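Structure record follows, encoded as structure tokens.
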Amino acid sequence: MPTKPLTTKYSDELKLFPDMWHRVGIVVVCLAVVLVPLVANAHWLNIANNALIAVVGAVGMMVLTGFAGQVSLGHAAFLAVGAYGAAIFSLELGLPFWLCVPISGLLAALVGLSVGPFALRLEGLYLAIVTIGLMFLVEHMLRNGLEMAYGKDYLSVPMHSFFSESGVTGLGDFRSSWRIGDYVIDADRKIYFVFTIIAGLVVWMGKNLQRSNSGRAMMAVRDGELASAALGVNGARAKMTAFGVSSFIAGVAGAMYAFAHPVLTLEPFGLKMSVDFIAMVVLGGIGTMFGAVWGALAFTVLQPVAELLGGLLPFPPSFTSEHQSVLIFFPTLCLFLIFEPFGLLGIWLRLKRYFIAWPFRY
């Protein structure tokens, strides 16, 4: 049973919003984006900002793993490069955040392209091991470099609205609150709207990449490298493009993380972060932008919900809220994937089939 009307023209096939379902979904998402900062408290607004960072990082992982089929466990390394690049550009050079974000993405892309040649000779678990090695190498270089330059392994990250002298804040400090009448727009709400714009642009970029010749080449290499080569697809170029685009988007997500967390440490950028991003794309549905967005949102929002539920269950007193969240969330995630291997995308497709076929049953 199809999940969309049959198309008879190439122009219909290439539409970004081909049917009513997509247009209704965009309207609902826009309403939700506007309502969240109006009704959320500081805690949930911080979770919303982290969810938007996760959406951008998951799109980067989807390009590499979902589109090109390359296994990477070093995704956190690209986020770390982007985060510390944004921190240093902002702290030392006084660059505004809107310039730090793309520059940090380009810096991470250079690191990602250095891994690309390994992908031409390795695949599967062998490539995963190489990317793990890259993650530890980046962590070692950042830690020792920061110790030599600053005498510490953490940085305070300013967020300038305009070009500023090193260490100077004031009119260009984006984190200062704005007052419009009786309504005060604090730093978290301002960051939320900026992150929403960045996340929307990245998702739009990922969706268009998926429909482009480069995206189709990546998916052809993923489905059958030998067959795609027989059809004239340049597999080496497709893999290098996937690593470059994926690491650029991950660097953008890292810069967002740096600006959302004014005190930046290396602790979050470990193997767990890379595994979390893989879990996001698998939870949402591999190979689609829908899976990247909704998998990241579900993963980020359901973890604090699991922490709330953990306080209601008889766990030992020595278990922290984080331990309780892990013990509830990840077994639930495993069971979900066992019974719904297509993730949230599978649920969405079944709902669409039901309403398309209604009142008949198939």
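If you go through region 9-43 and keep only what is of a type in the set (A, V, I, L, M, F, W, C) and touching a residue at least 24 places away in the same chain (Cβ under 8 Å), you end up with LEU14, LEU16, TRP21, VAL33, VAL36, ALA42.
Quick grid of which residues meet (1) out of contact with any helix residue (DSSP H, G or I) (no Cβ under 7 Å at 6 or more places or on another chain); (2) of a type outside the set (A, V, I, L, M); (3) without any contact (Cβ under 8 Å) to a residue 60 or more places away in the chain; (4) more than 28 Å from LEU14 (Cα to Cα):
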position: THR196; (1), (2), (3), (4): no, yes, no, no
position: GLY215; (1), (2), (3), (4): no, yes, no, no
position: MET219; (1), (2), (3), (4): no, no, no, no
position: ASP223; (1), (2), (3), (4): yes, yes, no, no
position: LEU264; (1), (2), (3), (4): no, no, no, yes
position: GLY270; (1), (2), (3), (4): no, yes, no, yes
position: VAL275; (1), (2), (3), (4): yes, no, no, yes
position: VAL282; (1), (2), (3), (4): no, no, no, no
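Looking at the structure I just gave you, is SER228 of a type outside the set (A, V, I, L, M, F, W, C), surrounded by fewer than 16 Cβ atoms within 10 Å (Cβ to Cβ), farther than 26 Å from PHE136 by Cβ and free of Cβ contacts under 8 Å to residues at least 12 places away in the same chain? Full working, then the answer.
Numbers: of a type outside the set (A, V, I, L, M, F, W, C): yes; surrounded by fewer than 16 Cβ atoms within 10 Å (Cβ to Cβ): no; farther than 26 Å from PHE136 by Cβ: yes; free of Cβ contacts under 8 Å to residues at least 12 places away in the same chain: yes.
Criteria not met by SER228.
The set of residues in region 73-115 that are open to solvent by less than 10 Å² (accessible area, probe 1.4 Å), among the aromatic types (Phe, Trp, Tyr) and out of contact with any Ser or Thr (no Cβ under 7 Å at 6 or more places or on another chain) contains only TYR84.
Restricting region 268-300 to residues that are assigned to a loop (DSSP other than H, G, I, E, B) and in contact with an Asp or Glu (Cβ under 9 Å, 6 or more places away or on another chain), the residue that is surrounded by the fewest Cβ atoms within 10 Å (Cβ to Cβ) is GLY270. Residues that are aromatic (Phe, Trp, Tyr) and free of Cβ contacts under 8 Å to residues at least 24 places away in the same chain within region 331-346 comprise just one, PHE339.
Candidates in region 2-22 are the residues that are modelled with pLDDT of 70 or more and under 17 Å from ALA357 (Cα atoms); of these, the one that is most open to solvent (accessible area, probe 1.4 Å) is MET20. HIS43 falls short on exactly one of the conditions (1) open to solvent by 70 Å² or more (accessible area, probe 1.4 Å); (2) closer than 24 Å to SER274 by Cα, and that condition is (2). Within region 313-333, is even one residue outside any loop (DSSP other than H, G, I, E, B), within 15 Å of the chain's Cα centre (by Cα) and among the charged types (D, E, K, R)? For region 313-333, residues outside any loop (DSSP other than H, G, I, E, B), within 15 Å of the chain's Cα centre (by Cα) and among the charged types (D, E, K, R): absent. Looking only at region 270-293, which residues are under 12 Å from LEU73 (Cβ atoms) and among the aromatic types (Phe, Trp, Tyr)? PHE277 - this is the single residue of region 270-293 that is under 12 Å from LEU73 (Cβ atoms) and among the aromatic types (Phe, Trp, Tyr).
When residues of region 143-165 are filtered for being hydrophobic (A, V, I, L, M, F, W, C), open to solvent by 40 Å² or more (accessible area, probe 1.4 Å) and either in contact with a Phe, Trp or Tyr (Cβ under 6 Å, 6 or more places away or on another chain) or touching a residue at least 40 places away in the same chain (Cβ under 8 Å) (or both), how many remain? The number of residues fulfilling the criteria is 2. Looking only at residues in region 176-213 that are among the hydroxyl-bearing types (Ser, Thr, Tyr) and at pLDDT 90 or above, the one that is surrounded by the most Cβ atoms within 10 Å (Cβ to Cβ) is TYR192.
The values are calculated or read from the model by the stated rules, or taken from the named source; none is laboratory data. Every value quoted in this text rests on a predicted model; they were computed, and no experiment measured them. Using ideal geometry, Cβ is built from the backbone for each residue, glycine included, and neighbour counts are taken over all protein chains shown. Keep in mind that these areas ignore ligands, DNA and RNA; they rest on the heavy atoms of the full protein, side chains included. Shrake-Rupley method; radii C 1.70, N 1.55, O 1.52, S 1.80 Å.
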